[in-house]
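Shown next, in structure tokens, is the structure this report addresses.
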Amino acid sequence: MILQVLLTFSILSLVAIGGANAVLPEMHRQLVELRGWLDDATFSQLYALAQAAPGPNILVASVMGWRIAGAGGMAAATFGMLVPAAVLAWGMAGLTHRLRGAPWLKPAQAGLVPVAIGLILAAGITMAAAAHSHGLMPLLVVAVATVFVWRTDYSPLWVLAGGAVLGAVFLG
Amino acid sequence: MPEAPPPQTVLPSLAELFTGYLKIGLFGFGGVAAWARRVIVEERHWLTERDYAEVLGLGQVLPGPNVGNAAVMIGRRFHGLSGALLATAGLYLAPFCILVLLCLFYDRYGQLPAVAPVMAGIAAGAAGMVIGTAFKMAGKLKLQWDALVILLLATLGAAALRLPLPVIVLVLAPISIALSLRRSGLLRGTAPR
């Protein structure tokens with residue numbers, strides 16, 4: 001069982017172009033539809049659980065692994081999800097280091113930058129849309145936080161703390 | 001294989017690499033992209049805005065979380081294997097421990113701790129932080145208009161059309177790379193296969 005969890009998440013790791021949110025549909029297909037390890041409602045609950053913790057969203061895999069097969073499953077899912085992708089990144093770092101003299105490398109890498117920033121922006125907009133489901137107040141927080149982070153160099157902790165306080169007062 | 005960094009940047013020690021990534025993981029509510037840039041570029045000056053954006057771009061086209069891939073590449077650049085391992089460990093350690101606690105709580109009580117309103121407020125702040133970070137990066141990198149079009153197409157595809165991210169990356173990355181190569185006069189003759 002643990003081995004199957006390891007194998008399943010290793011495969012997910014290698015198709016996860018775009019990270020956690022991109023791989024979620026495939027994760028659902030594998031865990032709920034193909035393997036039947038989780039039911040639909042549990043999958044959604046576990047996703048919410050993972051969202052409540054800080055850090056990379058990819059750790060949603062750890063939570064799923066824990067639910068499927070306990071601590072061993074959690075370890076196997078985390079290892080399977082992180083290691084294959086990390087090995088690829090390691091190899092890519094070595095490749096760019098070896099090619100660093102090539103005149104086309106920098107421009108080629110620069111070409112990936114707008115795509116990366118565009119996807120960050122999209123993630124922010126998707127998060128803002130989700131926040132909007134709690135009413136108008138969160139949208140105001142989004143707007144203020146956007147300008148604060150964009151136009152100033154103060155720590156973003158202030159906007160997170162401000163959001164937490166407003167959330168406790170107005171959404172409780 | 002440490003490289004000499006550009007003049008205005010600071011070469012982090014192994015311990016600094018670890019603690020920097022620890023902070024990124026710990027503070028990264030709603031995703032870590034915004035905090036990673038904040039710590040690496042603004043607070044600790046390990047990389048310039050451009051260097052960081054390029055590492056992140058590579059991390060984006062590889063499978064796996066872009067910030068996690070960037071942690072491996074940045075760790076390797078500064079301190080080889082131990083750098084890659086420590087940066088990665090720092091990034092995941094705190095969130096993983098918090099998740100274990102949340103799982104135990106959930107196991108015991110069958111529900112999440114009653115922090116939903118606070119989390120919703122934090123999520124709104126985090127959304128703005130992510131959007132603001134994207135604006136900041138685009139501004140500081142002085143993207144050309146064609147790069148801005150690619151940026152907006154990626155945003156539109158992911159946020160409005162809900163296209164799968166691999167599709168967006170596979171379509172836009174080659175176009176964007178070609179535009180970038182052409183801008184630097186490299187596309188004809190010397191272009192890589």
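The values are calculated or read from the model by the stated rules, or taken from the named source; none is laboratory data. The structure displayed is predicted, hence computed values, not measured ones. Note that each Cβ is placed from the backbone with ideal geometry, even for glycine, and that neighbours are counted across all protein chains shown.
Here are some notes:
- Verdict on B:PRO65 being within 27 Å of B:ILE168 (Cβ to Cβ) and facing chain A (nearest Cβ under 9 Å): yes
- Evaluation of B:GLY80 against (1) more than 20 Å from A:TRP150 (Cβ to Cβ); (2) in contact with a His (Cβ under 8 Å, 6 or more places away or on another chain) (one fails), failing number: (2)
- Scanning region B:68-89 for residues that are surrounded by 22 or more Cβ atoms within 10 Å (Cβ to Cβ) and more than 7 Å from chain A (Cβ to nearest Cβ) yields B:ALA70, B:ALA71, B:ILE74, B:GLY75, B:PHE78, B:GLY83, B:LEU86, B:ALA87.
- Positions within region A:90-110 being more than 8 Å from chain B (Cβ to nearest Cβ) and assigned to a helix (DSSP H, G or I), in sequence order: A:GLY91, A:LEU95, A:ARG98, A:LEU105
- Any hit, region B:14-21, residues being outside any loop (DSSP other than H, G, I, E, B) and within 13 Å of chain A (Cβ to nearest Cβ): yes
- Exclusive hit being out of contact with any Cys (no Cβ under 6 Å at 6 or more places or on another chain) and without any contact (Cβ under 8 Å) to a residue 24 or more places away in the chain, set A:ALA77, A:ALA145, A:ALA123: A:ALA145
- Picking from residues in region B:124-178 that are in a helix (DSSP H, G or I) and basic (Lys, Arg), the one that is nearest to the chain's Cα centre (by Cα) is B:LYS136.
- Within the option set B:LEU81, B:LEU62, being under 24 Å from A:GLY80 (Cβ atoms) and modelled with pLDDT under 95 holds for one residue only, B:LEU62.
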